[in-house]
Amino acid sequence: MHNHINTEQIGMAVRRNSLRLTVSTLCLLIVVPAADAQTVSGSNATSAPYQLRGTSEETSSTQSSSASTLYGALPTPRPGGAVTAPAEEPDAFGATSSTVQLDAMGNPIQPAPEDLTGSIGSPSNLSQADQDYAASLARQNARVGTVDELPLAPLDEQSTVPGFSFGSLTLRPTLGEKVIHESVRYGTTKTKRTYSETTLSGTLESDWSRHSLNVDGTGTWQKNLSGTGTETPSANVNARLNLDLVNDFTGLLGAGYSYSRESRTDPNAISGATTQAGVHELRASIGLERNLGILRGATTLEITRRTYGNATLANGTSVLLNDRDTLGAEFTGRIGYELSPALVPFLEASVGREKYDQRIDSTGSERSSNTRSARAGAEVNFGEKMSGEFAAGYVLRSFDDSTLANVSGLTLDGELNWSPARGTNVKLGLTTTLEAATTAGQSGAVVYEFDSTLSQQIRNNLVARLGATAGLRDYDSGSGRANQRSYGASAGLTWSVNRYLDLEADASYEKTREAGGTDEETARLGLGLKLRR
């Protein structure tokens with residue numbers, strides 16, 4: 001009788017325990033999938049404490065993604081809606097049930113093999129310092145939208161024309177065609193013409209793991225459509241190869257060619273010629289650079305060959321100018337001191353020799369000369385806001401002929417790119433060169449040239465341009481010739497129809513004045529297309 005009562009009590013306890021397990025399982029099937037669905041939808045409230053204050057919604061999402069990648073993925077449900085049931089509380093007999101994985105139908109899922117290598121805990125198990133570090137790895141400077149919430153313009157990289165690929169080289173050509181109306185007043189004579197101008201330009205760039213090659217060139221042809229005037233073709237090509245050598249040395253190899261036609265306002269132009277002489281110039285250079293901590297050193301040797309074509313008179317007679325052909329060499333050394341990555345003052349000195357093919361020219365003078373110069377300046381680099389360099393110095397040229405006076409003067413050189421605001425760019429340039437003379441008894445002049453350009457992006461595909469130029473030919477006092485001055489102004493618009501085609505319109509005015517000489521004024525108005533690839 002006693003044993004029978006114990007057996008019934010035990011049976012009733014087992015049935016109550018089984019009923020309790022069944023109710024617990026049903027509760028898990030209802031509650032756990034709802035919680036997992038909330039986690040998948042991104043509404044988990046525990047993600048909020050990991051966001052940095054002052055960040056945008058996009059940045060916070062990126063930070064959470066970075067933290068999840070660095071410290072392990074956040075818990076997500078298994079495919080098919082599988083969930084993991086937590087361990088139950090001990091029952092009346094002190095026993096607990098093991099963790100069981102159930103699918104959406106309530107069937108148990110076989111557990112995956114145990115990860116013997118271990119895993120990094122999720123962000124919820126990390127300290128606040130580790131969470132802040134993970135968030136700091138995310139992007140902090142996301143692009144800021146416009147005030148009126150307009151679509152952001154494409155990045156410059158996305159708007160760059162692709163070009164043509166030749167292995168590791170990329171060619172980006174440009175073809176421009178313009179129709180220009182020109183009006184010229186030379187002294188009391190006034191001429192007009194309408195001509196077409198075709199310009200072919202391009203760049204060739206390398207994409208090598210070491211070294212780099214860059215070639216750029218442009219060529220311009222003119223064809224008169226109506227009126228009278230002199231066609232002035234031009235061309236310019238430059239190539240530069242940078243070689244990464246040992247011990248932080250960089251080798252520089254350069255080559256170039258240019259062609260231009262002398263203007264009739266040039267002091268060496270042939271008076272009365274209908275077509276002035278063409279000037280061919282070949283250049284080759286070799287250099288070496290090295291950075292020694294805060295010191296920067298560079299040396300360059302440049303060789304220049306200049307030849308002159310014939311001038312044509314009104315009666316068709318050609319005038320030979322080969323007595324002006326020269327071969328020159330110049331060696332330049334520079335040392336700079338890096339006060340900061342944005343400012344590097346430098347000192348530069350150069351010596352050169354220019355030798356004429358004919359020792360004595362048509363005027364009976366020996367014009368071969370030696371040149372020495374020194375400059376001091378600074379390089380500036382403030383990123384996209386401002387970059388360039390400027391320098392001032394002194395130059396002296398002495399001739400083999402003792403009857404010719406030396407040419408000397410102050411030198412001012414520099415180039416500055418400045419962007420005061422997004423879409424606004426200012427470019428300033430200043431150069432100083434020495435110019436030889438061909439008139440008997442004259443040595444030459446120091447020539448200063450200044451140019452400036454202001455461009456403003458009015459719309460995403462519309463850019464306005466303004467330009468100004470100035471020039472001065474400073475003759476030596478013993479030449480008996482007055483200094484020559486020139487001025488110029490220009491304006492233009494460029495409308496980008498698409499990334500490959502531009503429509504351009506521009507106007508310009510130039511004036512050259514010289515006391516005792518003939519003044520010249522030139523006005524141009526042009527309209528054209530530019531095709532890029």
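The values are calculated or read from the model by the stated rules, or taken from the named source; none is laboratory data. Keep in mind that what you see is a predicted model, and the values were worked out from it rather than measured. Here the Cβ positions follow ideal geometry from the backbone for every residue, glycine too, while neighbour counts run over all protein chains shown. Heads up: the accessible areas ignore ligands, DNA and RNA and are worked out on the full protein's heavy atoms, side chains in. Shrake-Rupley method; radii C 1.70, N 1.55, O 1.52, S 1.80 Å.
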Looking at region 409-434, which of its residues are surrounded by fewer than 16 Cβ atoms within 10 Å (Cβ to Cβ) and over 30 Å from Q456 (Cβ atoms)?
L410, T433
Pairs only if they're at least six apart or on different chains, beta carbon under 6 angstrom, first in region 349-371 and within 15 Å of L434 (Cα to Cα), second outside any strand (DSSP E or B); list them, first residue then second.
K355/S368; R367/D361; S368/D400
I'd like the full set of residues that are in contact with a Leu (Cβ under 8 Å, 6 or more places away or on another chain) and either in a loop (DSSP other than H, G, I, E, B) or closer than 30 Å to R290 by Cβ (or both), limited to region 200-228.
T203, L204, E205, S206, D207, H211, S212, L213, N214, V215, D216
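Hey, among E231, E197, E182, which residue is outside any strand (DSSP E or B) and among the acidic types (D, E)?
Working: E197 fails: outside any strand (DSSP E or B); E182 fails: outside any strand (DSSP E or B).
Result of the check over E231, E197, E182: E231.
For R306, are the conditions met, namely being more than 29 Å from the chain's Cα centre (by Cα), open to solvent by less than 70 Å² (accessible area, probe 1.4 Å) and basic (K, R)?
Working: more than 29 Å from the chain's Cα centre (by Cα): yes; open to solvent by less than 70 Å² (accessible area, probe 1.4 Å): yes; basic (K, R): yes.
It is true that R306 is more than 29 Å from the chain's Cα centre (by Cα), open to solvent by less than 70 Å² (accessible area, probe 1.4 Å) and basic (K, R).
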Let me spell it out: the conditions are (1) in a strand (DSSP E or B); (2) under 28 Å from G393 (Cβ atoms), and Q442 meets all of them except one. Which number is the exception?
(1)
Checking D266 against (1) touching a strand residue (DSSP E or B) at 6+ places or on another chain (Cβ under 7 Å); (2) surrounded by 15 or more Cβ atoms within 10 Å (Cβ to Cβ), which test does it fail?
(1)
Considering only residues of region 195-211 that are touching an Asp or Glu at 6+ places or on another chain (Cβ under 8 Å) and not β-branched (V, I, T), which is most open to solvent (accessible area, probe 1.4 Å)?
R210
Residues that are in a strand (DSSP E or B), over 27 Å from the mean Cα position of the chain (by Cα) and acidic (D, E), drawn from region 478-533
E510, E514, E520, E521
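Restricted to region 328-374, and to residues that are of a type in the set (F, W, Y) and out of contact with any Phe, Trp or Tyr (no Cβ under 8 Å at 6 or more places or on another chain), which residue is farthest from D401 (Cα to Cα)?
Within region 328-374, the first condition is being of a type in the set (F, W, Y), and the residues that meet it are 331, 337, 346, 356.
From the residues that got through so far, the ones that are out of contact with any Phe, Trp or Tyr (no Cβ under 8 Å at 6 or more places or on another chain) too are 331, 356.
Values: F331: 23, Y356: 12 Å.
Checking each candidate, the answer is F331.
Among the residues of region 372-391, is there at least one that is among the acidic types (D, E) and surrounded by 16 or more Cβ atoms within 10 Å (Cβ to Cβ)?
First pass over region 372-391, keeping only residues among the acidic types (D, E): 379, 384, 389.
Remaining after also requiring surrounded by 16 or more Cβ atoms within 10 Å (Cβ to Cβ): 379, 389.
The answer is yes; a qualifying residue exists.
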Just to check your reading of the model, which residue among I286, I335 is in a strand (DSSP E or B), among the hydrophobic types (A, V, I, L, M, F, W, C), modelled with pLDDT of 90 or more and farther than 18 Å from R353 by Cα?
I335
Filtered residues of region 333-350 (kept if open to solvent by less than 30 Å² (accessible area, probe 1.4 Å) and among the hydroxyl-bearing types (S, T, Y)):
S350
